[in-house]
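Read through the structure below, which is laid out as structure tokens, and then see the notes.
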Amino acid sequence: MSSGSSPISEVSSGGAHEPPRRALAPTVTVVICAYTERRWPEITRALDSVRAQETAPKEVILVIDHDQALFDRASGAFPDVTVVQNTGPRGLSGARNTGVAHARAEIVAFLDDDAEAEPDWLTRLLRHYRHANVLAVGGRAVPVWEGSRPRWLPPEFDWVVGCSFTGQPSRVSGVRNLIGCNMSFRRDALDRTGGFDPSLGRVGKVPVGCEETEFCIRMRQRHPGGVVLYDPAAQVHHRVTADRASWDYFRQRCLSEGRSKAVVARLAGTEAGLSSEREYTRRALPRGVWRELRLSRTGDPAGLLRAGVIVAGLAVTATGYLLARAQRVTDTGANRSPRRPGSEPEPVRVLAVELSDGVPALPDSGCPDGGRYGAAEVLVRLHGQPIGLLRTVLPAGGLTPQAHAGLIEDRLLGPIQDHLQRDTLPLVRRLAVDGVGRAAPCTVRPSPERAPFVSVVVPTVGRDAVLRRTLHSLAALDYPHYEIVVVDNAPHGSDTAELVREHAARDSRVRYASEPRRGVAHARNRGLADARGEIVAFADDDVIVDQGWLRALVDGFTDDAVAAVTGYVLAGELETPAQVWIEQYGSFGKGSRRRRFDATGYETVEEGRIRRVPAGRASLYPYLPGTYGSGANMAFRTDTLRRLGGFDPLLGSGSSVRTGEDIDVLMRVVLAGHALVYEPSAIVWHSHKRDIRALRRTIYDYGVGLSAVMVKCLVTNHAGRRELLRRLPRGIVYALHPGSEKNARKQRGYPISLTALEVCGMAVGPAYYVRAAWTARSEGVRC
């Protein structure tokens, strides 16, 4: 990685073929770059460690990176140090180049402003310059943790915090590049190579880098006979602050490292730019995984977590690399034009059409921002039953009723005919504007005395404005026996209790419950515990339920084998690019055909006939949890869900793994031998997040949740573990391949950054889940 590499050659300490030596040790300038007064104590300690060297430097230069207050303070406090301002671009590379420009010695050594050198540091570096072909020498960086070292961090990834890592040489060896906080160069080699590239250096706390890697490669290319040495005995102690011991920093640093490697590979060539990384990936990382797995079996349960972090770190770094390469192709491809603000998707008109009431016009006007709708998404229904979802581009002026009816006829005439035939109504060859099937609705409604009592659970977390709309729609359901349990997941920071009391005063079916433990899994489990119904249904606090929603869910429990029913989730609006892209990512709705799932396969209706699709060895089924439905619209037999243990609080916990508890429980229903029915007539309209920042968080969380569920299944499903492992490679291809059913709706212009975030989430999900399990176990929490 950027902080070093594996050996590529060995430099002998003596012998017949030893290179020519210089008689005297060269002089050295020590350069320290600083950028903030907040590091004043660390800067002072770094300078003190240089003053204490056995071999005194000719000069010490402190470069201040565009901070006038720090420059003024350092100029007065360190009279024995040359304090200069960075005259180049802001950032570490510009500051280093400024230091080199002021250096007068033969060797220039670099020490970070938060590192302290051992007293023999310079002595050990300088001794190697007796060999005329040595261009640069670096040493080991030992982490000094502000707190304790995270138990989850494997030593192979100490480069994340700017320190030496497992996989580097254990003795003096030739390497590709050096660690930035502990390195030295011949001054003439620095001058001839042209200094560090400012486009790669770290700026402030932004964790990017690889400027040392790129410079060392460029230097070696210009000095073919030159050697870059790593001497682990030349040691510095590098301070690691508490914020760098976090998962978020680890993920961000790995992603940035991958991006930087793509730049280095472009500048220096893929072979040179990635030679050490290939060796590190082939040798060091697999050894680390096996070591940690052995430790986990011999009394160190955190070993399993560290093994997961190795895999996750590699995946996130690779994602950053691929993202940067893909972005480069997008920006420079011969057949592609640069992305313009106007290239974002246009708003999409969303509406439902009941064919028995006629077909309306489909105008392109009325967009809230004053613009036009560029497309439409129309739910076509007949007698309340969904026939299909029609997606179409809208021409200027929209579609007339005749054109709209013609489009529905062209796309959906077959399903319309099937429905009319089941209702013993006259078939039609043409779809008239005034509609078809104008007769009594075909839905078979259970009589009030046979309708089971249902508890509707609505978890909420301080979103009272959207919750109010959800409660209004729930109060209008055409179902006779139900209650509404609102679970407040932020009981100390919202007005939800008062809102629910207002509704309860008007409607005795509404009840309030409080769950202080954050996370939708905890909230749903509280609702499950309080439910008094034979069936418990779950709806998110940001949906509008169709009037027949609950009746359709109950109708899905066709026999005793059915333990769960999911329904159709449609977008309430598609006004912003974020809302359009989340639909392209993967619509929450699973189509307009009823399906019945069990462990051996599923049944669906095609052309009026039931077709059985078995779970063959080549199929990913039943390990495709996203196919079963969504947590925004699902119902269970209450006793069955309680026996299954409810929702896993390690998923959807509000901390490490924020999602996945719904797809996990749906898959567990099927794997436990029960049947699950997808009932498209049970419709809710979901309020997608409007802004791109929230979308990015959502996409990332979905990736985390999916892979966390798969890891949980591997850990807990002993009987099916071998089958899942066998199918896992195909599952990864299915998740990532642009042509898979999962990604088929992504259109040109779908941001590649969203795909990268999803992949990042998938990569770190296993480690997040193991960490959550470890934390729960260490705290004695029963999950």
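The values are calculated or read from the model by the stated rules, or taken from the named source; none is laboratory data. Here the structure is a predicted model, which is why all the values come from computation and not from measurement. All Cβ positions, glycine included, derive from the backbone under ideal geometry; neighbour counts span all protein chains shown. Quick note on the areas: whole protein, heavy atoms, side chains included, nothing else; ligands and nucleic acids left out. Shrake-Rupley method; radii C 1.70, N 1.55, O 1.52, S 1.80 Å.
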Residue that is most open to solvent (accessible area, probe 1.4 Å), among those in region 221-244 that are assigned to a helix (DSSP H, G or I), in contact with a helix residue (DSSP H, G or I) (Cβ under 8 Å, 6 or more places away or on another chain) and touching a residue at least 40 places away in the same chain (Cβ under 8 Å): Q221
Residue satisfying condition, being in contact (Cβ under 8 Å) with a residue 12 or more places away in the chain, open to solvent by less than 10 Å² (accessible area, probe 1.4 Å) and either closer than 22 Å to A672 by Cα or not aliphatic (A, V, I, L, M) (or both), within set V543, V536, V569: V536
Test result for G94, modelled with pLDDT under 95 and closer than 27 Å to P26 by Cβ: yes
Residue list for region 109-142, restricted to those being under 21 Å from W159 (Cβ atoms), charged (D, E, K, R) and open to solvent by 10 Å² or more (accessible area, probe 1.4 Å): D112, D114, E116, E118, R140
Residue ID - modelled with the highest pLDDT, chosen from residues in region 189-220 that are under 36 Å from the mean Cα position of the chain (by Cα), open to solvent by less than 60 Å² (accessible area, probe 1.4 Å) and aliphatic (A, V, I, L, M): I217
Residue that is nearest to R259 (Cα to Cα), among those in region 115-167 that are in contact with a Gly (Cβ under 7 Å, 6 or more places away or on another chain) and either in a strand (DSSP E or B) or among the hydroxyl-bearing types (S, T, Y) (or both): S164
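Only one residue in R517, R469, R501, R524 is basic (K, R), surrounded by fewer than 23 Cβ atoms within 10 Å (Cβ to Cβ) and either at positive phi or in contact with a helix residue (DSSP H, G or I) (Cβ under 9 Å, 6 or more places away or on another chain) (or both). Which one? Give the derivation first.
Working: R469 fails: either at positive phi or in contact with a helix residue (DSSP H, G or I) (Cβ under 9 Å, 6 or more places away or on another chain) (or both); R501 fails: either at positive phi or in contact with a helix residue (DSSP H, G or I) (Cβ under 9 Å, 6 or more places away or on another chain) (or both); R524 fails: surrounded by fewer than 23 Cβ atoms within 10 Å (Cβ to Cβ).
Matching residue, one of R517, R469, R501, R524: R517.
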Segments classed as strands (runs of 3 or more DSSP E), wholly inside region 482-570, with at least 2 members that are touching a Ser or Thr at 6+ places or on another chain (Cβ under 8 Å) and among the acidic types (D, E): 482-488
Only listed residue being without any contact (Cβ under 8 Å) to a residue 12 or more places away in the chain and either open to solvent by 10 Å² or more (accessible area, probe 1.4 Å) or farther than 21 Å from A772 by Cα (or both), chosen from R643, R637, R658, R668: R643
Region 588-616, residues that are surrounded by fewer than 18 Cβ atoms within 10 Å (Cβ to Cβ), without any contact (Cβ under 8 Å) to a residue 24 or more places away in the chain and either small (G, A, S) or part of a loop (DSSP other than H, G, I, E, B) (or both): T600, G601, G616
Residue in region 295-313 that is most open to solvent (accessible area, probe 1.4 Å), counting only those that are of a type outside the set (S, T, Y) and without any contact (Cβ under 8 Å) to a residue 60 or more places away in the chain: R297
So P395, is it closer than 30 Å to Q747 by Cβ and open to solvent by less than 50 Å² (accessible area, probe 1.4 Å): no
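Check A312, A334, A302, A307 and return the single one that is at pLDDT below 80 and either within 14 Å of L153 (Cβ to Cβ) or among the aliphatic types (A, V, I, L, M) (or both).
Working: A312 fails: at pLDDT below 80; A302 fails: at pLDDT below 80; A307 fails: at pLDDT below 80.
Of A312, A334, A302, A307, the one residue that is at pLDDT below 80 and either within 14 Å of L153 (Cβ to Cβ) or among the aliphatic types (A, V, I, L, M) (or both) is A334.
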Only listed residue being open to solvent by less than 60 Å² (accessible area, probe 1.4 Å) and without any contact (Cβ under 8 Å) to a residue 24 or more places away in the chain, chosen from S740, S753, S681: S740
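Considering every residue within region 629-639, establish whether at least one is modelled with pLDDT under 80 and of a type outside the set (S, T, Y). Break it down stepwise before answering.
Going through region 629-639, the residues modelled with pLDDT under 80 turn out to be none.
No; the residues of region 629-639 include none that is modelled with pLDDT under 80 and of a type outside the set (S, T, Y).
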Where C760 falls short, out of the listed (1) under 16 Å from V311 (Cβ atoms); (2) modelled with pLDDT of 80 or more; (3) not basic (K, R): (2)
Search result, residues across region 342-370 that are at pLDDT below 90 and more than 33 Å from the chain's Cα centre (by Cα): G366, G370
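Please indicate, with yes or no, whether at least one residue in region 30-41 is part of a loop (DSSP other than H, G, I, E, B), open to solvent by 30 Å² or more (accessible area, probe 1.4 Å) and touching a residue at least 24 places away in the same chain (Cβ under 8 Å). Give the derivation first.
First pass over region 30-41, keeping only residues part of a loop (DSSP other than H, G, I, E, B): 35-36.
Pick out the ones that are also open to solvent by 30 Å² or more (accessible area, probe 1.4 Å) and you get 35.
Next, only the ones that are touching a residue at least 24 places away in the same chain (Cβ under 8 Å) stay: 35.
Yes: one or more hits.
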Qualifying positions in region 721-730 - buried (at least 16 other Cβ atoms within 10 Å of the Cβ) and out of contact with any helix residue (DSSP H, G or I) (no Cβ under 7 Å at 6 or more places or on another chain): R727
Residues satisfying the stated conditions in region 363-401, i.e. among the β-branched types (V, I, T), more than 22 Å from R422 (Cα to Cα) and in a strand (DSSP E or B): V378, T392, V393
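Can you tell me which residue within region 655-678, out of those that are charged (D, E, K, R) and either assigned to a loop (DSSP other than H, G, I, E, B) or over 21 Å from the mean Cα position of the chain (by Cα) (or both), is modelled with the lowest pLDDT? Working first, answer last.
First pass over region 655-678, keeping only residues charged (D, E, K, R): 658, 661-662, 664, 668.
Next, from what is left, pick out any that are either assigned to a loop (DSSP other than H, G, I, E, B) or over 21 Å from the mean Cα position of the chain (by Cα) (or both): 658, 668.
On the way: R658: 78, R668: 95.
If we take residues in region 655-678 being charged (D, E, K, R) and either assigned to a loop (DSSP other than H, G, I, E, B) or over 21 Å from the mean Cα position of the chain (by Cα) (or both), then R658 is modelled with the lowest pLDDT.
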